[in-house]
Amino acid sequence: MATTLAPVDSREVVRCDKCTLVQFRTTNNLCRKCRQSLDPEEPEQVIAPPQPAVHVPSHSSHSQLQIAQSIRNLRQRAGLSQRQLALRMQVPRTYVSKIENEKATPTLSSLERLAKALQVTLPDLLTGGQPSREEQVRDLMSDSFLAELMPICQQLNGLQLNSILNQVREITMRPRRTA
């Protein structure tokens, strides 16, 4: 309970933590003025009960990472700085930074304000503006050439498909002739 000071003449000098009297250490380790112990009191060690293991699914941090990354990508694609986006959202710039660096999880209202500030829909905000797999397949199938080619390709075996693929590669490698 006392603070040890620099030793003087090989006798230990201590200060009482209660009355702040500076003194030589006594043989009984009690303060000369307030009679409190000069030895530091050691707090009783309390052993905490074991904490139950909390299982955090790995996909939650991964999905949060995708949200943070998609917000950053959309902001950069729009040519906005964090400050400009924060002004549009009417929040501090540090909040945008914290969201993008996964230090803060945006609320639903913040996500709505983000989408409005970035001029995208909420689903686009969550996916980073990237089309879903179904949309990509739908876009491919809307191409008339690919739509006509698909039923034919399903009738070919692996060797025939490989041959067609090699022929397409060769066509794309040849320089084009101009008339």
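Figures for the structure shown
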read-out: Contour excess over end-to-end distance, with Cα ends at Arg93 and Thr121 and 0.36 nm allotted per residue; value: 7.9 nm
read-out: Extension gain from Lys18 to Ser109, taking 0.36 nm per residue of separation minus the Cα-Cα distance; value: 27.4 nm
read-out: Residue order, fewest to most beta carbons within 10 Å, for Asp143, Asp17; value: Asp143, Asp17
read-out: Calculated FRET value between Arg177 and Phe145, using beta carbons and R₀ = 25 Å, to 0.05; value: 0.70
read-out: Potential lengthening between Leu161 and Asn28 on full extension [0.36 nm per residue; Cα-Cα distance subtracted]; value: 38.3 nm
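Any read-out appearing in this document is the output of simple, stated calculations on the displayed coordinates, not a laboratory observation. Keep in mind it's a predicted model, so treat the numbers as computed, not measured. Cβ coordinates were reconstructed from backbone atoms using ideal geometry, including for glycine residues, and neighbour counts include every protein chain displayed.
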